[in-house]
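As structure tokens, the structure follows; a few thoughts come after it.
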Amino acid sequence: MKNLDCIFKPKRIAIIGASPDPKKIGHQIIKNVIEGGFAGEIIPINSGAADVLGHKGYKSLSDVPEGVDLVVIAIPAPFVMAVMEECARRRVGAVAIITSGFGEVGKIEEEKRLKKIADDNNIALLGPNIFGLAYVPNKLNASFGPKDIHPGKIAFITQSGALGIGLMGWTVMKKIGLAALVNVGNKADIDEQDLITYFNKDKNIDVILIYMEGIKDGLKFLKTKIEKPTVILKVGRSSRGAKAAASHTGSLSGSDKIYDGVFKQLGILRANTFMEAFSWSRALSLPQPKGEDTVIITNGGGIGVATTDECEACGIKILDDPAWLEAKFRSTMPDFGSTKNPIDVTGGAGVEGYRQACKIAFAEERIKSVIVLYCETAVTDPMDIARAVEEAFEASGHNKPVVVSMVGGERTRTALEYLNEHHIPASSLIDMSVSSLKILYTWAEIKARAASRAVLEKPPAEVNKILDAVKAQGRDILMEHEARQVMELCGVPTPKWGFARSADEAVKIADSKGMYPLAMKIASPDIVHKSDVGGVVLNIRDGKELREKFEGMMVRIKKACPDAHLLGVNLIQMVSGIECIVGITTDPQFGPAVMFGLGGVFVEALKDVVFRVVPFDASEAKRMIGEIKAKKILEGFRGFKADKDSIIKTLIAVQKLAPLVKEIDINPLLTNQDGSYAVDARIVLK
Ligand code: ACO
């Protein structure tokens, strides 16, 4: 990996295109570098060798007497390549190319050449097509974005330039503190994965926040190690949005559900909106909760109930011990107040009620996190409440997380700003405050995970033999009995089954395996829609019926499809249970991915499926099962309860086939209290 210190901690910066003309982007960049207070050397370079804002100018990099760590290029695209070559000759450490007009307009080859020069000369290349970068601890603002940055501990990485500039201003207004701001643009070289890896080691950064449209190198991204809370806002969820993203950045947006799976697998926190992304990022600087019990302090019943609902919906546990709460909090409120969590200090509550309640909530070991709510009243200035909360939090030594939600007018807005400035996440939206607290619990769960021990196992040699035979026959789709055999060999649980060429053989197999009741299906490479030609019979109860049905089926099929080559019949034990689906698909970005979801008629309508990229281990498979929206159905439905262990076994076993297949559909995988059964499997080879 390239050393990114030259980007963020340079000692000497040259800005190519730094013009004396204030209308030029190059001028704005050098102005920001100077006004940002950068302490190192600043070197403007322009065709006229003009000095800019008091700094000595040069005609070209070759004229600069000493070495340069970071070169910022802001000249028109046709001249960039020559300057890049010059950077290589001058052994520059890093280059940030502001210039547009490369990959995003189809000039892929030019962009590849820039990357090659960078790689051959170990230059860290940021861009092209960016507004620049900023690194607050070094007072470096090498961008043409706003001058002011609210200092903090978040590293904000953005693919989009315009949006990045807009949000840069927004973070100042919202008092969201940034340590770094990086626009990755076309990502010819440095991408999110490099930056996450670099910022993981940076003590000035607590949280990494990424705005992303698409990933360029999925396999590289899969190697990302998440060591700090990392929030991603990945747009392009809708198919139209994905198309817009692809045309905007020239990068593939991939299937959104697979992105979702990748983020979960890596331990990345995916936000849905800008507001959520920034609120979470702010909250993730709070202390980690050391347990589950949460206390809500409020001056209003309604807001308390609404917040309790939000907590329940997202799985935040509200401390429920009325006697204990009464003993602890009664002194903070009038007689008509309620200690039943929400702790309702009542509408007439003055600052003292809040101060005391907060003090107790922060001090009590049993309480692990705190939500403070306030509805603006004429009795109290919201700013006084904000100060009381902040003072109590400060006095407690920040030993547990607290979030605040206040509803009111102009005075409330000022109070919320005050709290945010003092690193207490505060919002006028209850759901945002609750989800900000929830994200701390999610991150704690991610941190507590054991390192994944996922190893991709090879399938037994017999599987390769079957697949080779299929290919030798010029087919890429396995027949039903072949698919069943492959599943079984890999360890995917299947119902009892057999393949028979005659009625005698069918009865012998079914009797010996105890398969009744069973289903019988015709096996022929020439018959795709078996039911349409009478090639499926269900619920055969004994050997006599099996013999009869076999003979009847043969007569029917020979009549309906006289030219079909009949191999025999598949016999499958009838099983019942909850219908699930397990599949494998090959994603162009991330490679093979396993899908799990609710199957049957629901699969198309609800699309209630989740993905993980291969390989993954049993704990990841368990999380997949817990992620589907219909997970409650798995707990019990029409007398069936899912056997999760055998679903996990299926999700692990099926991965063995991932390198060999293009796609697999196990539909349905029926699950009941006794086990799970791959009833039907369709396997398409690469
Ligand atoms: N060596 C030295 N100096 C040079 C060279 C060179 N090879 N080539 C040009 N210059 C000088 C010029 O003489 C000029 O200086 P001057 O004003 O003193 O004469 C200066 O560099 C700038 O060159 P211009 O030709 O005036 O270029 P201009 O500033 O108009 O445009 C730019 C350059 C801004 C890089 C433009 O090509 C571009 O790509 N703009 C888009 C940038 C962008 O939007 N990036 C994505 C950001 S994100 C977002 O979407 C907001």
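The values are calculated or read from the model by the stated rules, or taken from the named source; none is laboratory data. Keep in mind that what you see is a predicted model, and the values were worked out from it rather than measured. A quick note on method: Cβ atoms are made from the backbone with ideal geometry, for glycine too, and the neighbour counts reach across all protein chains shown. Only protein heavy atoms, including side chains, enter the accessible area calculation; ligands, DNA and RNA are left aside. Shrake-Rupley method; radii C 1.70, N 1.55, O 1.52, S 1.80 Å.
For the reader, a short list of remarks on this structure follows.
- Modelled this way, with points 7 Å down the Cα-to-C-beta line, the labels at residue 305 and residue 638 are 3.7 nm from one another.
- Estimated inter-spin distance, residue 444 and residue 398, nm [label 7 Å along Cα→Cβ]: 1.7
- Measuring nothing but alpha carbons in region 292-354 and taking Rh as the Kirkwood radius, the Rg to Rh ratio lands at 0.96.
- Remark on region 59-160: hydrodynamic radius 14.6 angstrom, per the Kirkwood mean of 1/r across alpha carbon pairs.
- Applying 0.36 nm per residue to the separation of residue 225 and residue 526 and subtracting their alpha-carbon distance, the gain on full extension is 103.4 nm.
- For region 567-661, applying the loop criterion from DSSP together with a ceiling of 15 other beta carbons within 10 Å to the trypsin sites (Lys or Arg not before Pro) yields 607, 629, 638.
- Cα-based convex hull, region 315-387, per residue volume (Å³, whole number): 94
- The radius of gyration of the Cα set in the chain, together with its Dmax, comes out at 31.6, 101 angstrom.
- Calculated FRET value between residue 139 and residue 352, using beta carbons and R₀ = 35 Å, to 0.05: 0.25
- Label-point separation in nm, residue 340 to residue 321, each point 7 Å along Cα→Cβ: 1.9
- Stretch in the chain that is longest and holds no GluC sites (Glu not before Pro) that DSSP places in a loop and that have at most 14 other beta carbons within 10 Å: 458-686
- Summing charges over all other residues whose Cβ lies under 12 Å from the Cβ of residue 480, with Lys and Arg as +1 and Asp and Glu as -1, gives +2.
- Summing Cβ point charges (Lys, Arg +1; Asp, Glu -1) relative to the Cα centre of the chain gives a dipole of roughly 1260 debye.
- Charge tally around residue 451: other residues with Cβ under 15 Å, Lys/Arg +1 each, Asp/Glu -1 each, net +2.
- Diffusion coefficient of region 538-590 by Stokes-Einstein, Kirkwood radius over Cα pairs, 25 °C, 0.890 mPa s: 165 µm²/s.
- Only beta bridges with both residues in region 52-163 are counted; by DSSP, about 40 percent of them are antiparallel.
- Were the residues from residue 551 through residue 273 laid out at 0.36 nm apart, the gain over their Cα-Cα distance would be 93.9 nm.
- Accessible carbon and sulfur surface of region 1-130 relative to its total accessible area, %, 1.4 Å: 53
- Charging the Cβ of each Asp and Glu at -1 and of each Lys and Arg at +1, and nothing else, the dipole of region 119-206 about its Cα centre rounds to 560 debye.
- When shorter helices are ignored and each DSSP H run of at least 4 residues is given -39500 (n - 2.57), the per-residue value for the chain at 222 nm works out to -11500 deg cm²/dmol.
- Accessible surface, per residue, of region 440-537 when the full set of protein chains is kept, probe 1.4 Å, Å²: 51
- For residue 605 and residue 120, the difference between the fully extended length at 0.36 nm per residue and the C-alpha to C-alpha distance is 169.5 nm.
- Other residues whose C-beta falls under 13 angstrom from the C-beta of residue 216 contribute a net charge of -4, scoring Lys and Arg +1 and Asp and Glu -1.
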